[in-house]
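Take a look at the structure below.
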């Protein structure tokens, strides 16, 4: 899912059919409930046309970012403050597995819950520009690479961001009717050791793939995001 599969693809990619197919398990497997109140309370209106609403809003969307957690790596984020809690360890990898019985013993786990805390942002379509009309929005999960990657790797304030983000970033997709999920993978932190807790598990279906499915499921389960669990597509680059 990261560098090992992406090397040689020249930056942006659409992840393989196997990973995309795993999203379909969201239809059949339930996810644990989680408190996403902090993230939802942080949503602000943005303009993807030029990155500012001061001169009007030509391409409106919502950007939900509650900041960077104060902990990261193997330092537990008790209560998943400014983060989203996911199991520190899962019971296998088939479908969307339950939390493992020994999850609380994993490095960086909250000892009370057995959860690690992922630094997550969500970008949402403007409901006026894209009325729901009884339906829900498709979901794009934009995933970063190794080794200094983070949730910001594919985030942008406007559609015309420079470089690889040109017409390929969170604002571009959200302003066109997609829910966009961006997050820092487990164990990925900034220079101040702040970000997502847990140990990095590159390409491991027991951890990273499960985290992707679990997060997408949480967003799809919450009516606030109007996300369609039958239309979840992962993409990214390294």
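Here are some notes:
- Considering 94, 132, the condition of being more than 20 Å from the chain's Cα centre (by Cα), modelled with pLDDT under 95 and over 26 Å from residue 41 (Cβ atoms) is satisfied by 94 alone.
- Going through (1) over 30 Å from residue 74 (Cβ atoms); (2) in contact with a strand residue (DSSP E or B) (Cβ under 7 Å, 6 or more places away or on another chain); (3) in a loop (DSSP other than H, G, I, E, B) one by one, residue 164 falls short only on (3).
- Selection status of residue 185, part of a loop (DSSP other than H, G, I, E, B), within 14 Å of residue 150 (Cβ to Cβ) and in contact with a helix residue (DSSP H, G or I) (Cβ under 8 Å, 6 or more places away or on another chain): yes
Each row is one residue, and each column tells you yes or no for (1) in contact (Cβ under 8 Å) with a residue 40 or more places away in the chain; (2) under 22 Å from residue 75 (Cα atoms).
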{"position": "168", "(1), (2)": "yes, no"}
{"position": "179", "(1), (2)": "yes, no"}
{"position": "183", "(1), (2)": "yes, yes"}
{"position": "188", "(1), (2)": "yes, yes"}
{"position": "193", "(1), (2)": "yes, yes"}
{"position": "204", "(1), (2)": "no, yes"}
{"position": "218", "(1), (2)": "yes, no"}
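- Residue within the stretch 212-225 that is in contact with a helix residue (DSSP H, G or I) (Cβ under 7 Å, 6 or more places away or on another chain), part of a loop (DSSP other than H, G, I, E, B) and closer than 16 Å to residue 185 by Cα present: no
- Verdict on residue 113 being in contact with a helix residue (DSSP H, G or I) (Cβ under 8 Å, 6 or more places away or on another chain), surrounded by fewer than 20 Cβ atoms within 10 Å (Cβ to Cβ), at pLDDT 95 or above and farther than 10 Å from residue 177 by Cα: yes
- Among residues that are modelled with pLDDT of 50 or more, surrounded by 14 or more Cβ atoms within 10 Å (Cβ to Cβ) and out of contact with any strand residue (DSSP E or B) (no Cβ under 9 Å at 6 or more places or on another chain), residue 51 is included.
- Subset of the stretch 116-146 (residues that are closer than 19 Å to residue 237 by Cα and assigned to a loop (DSSP other than H, G, I, E, B)): 119, 144, 145, 146
- Unique match (being within 19 Å of the chain's Cα centre (by Cα), assigned to a loop (DSSP other than H, G, I, E, B) and crowded, with 20+ Cβ neighbours inside 10 Å) among 156, 149, 67: 156
- Residue check for residue 81: surrounded by 23 or more Cβ atoms within 10 Å (Cβ to Cβ) and closer than 22 Å to residue 65 by Cβ: no
The values are calculated or read from the model by the stated rules, or taken from the named source; none is laboratory data. All figures in this text were calculated on a predicted structure; none of them were measured in a lab. With ideal geometry, Cβ positions are generated from the backbone for all residues, glycine too; neighbour counts draw on all protein chains shown.
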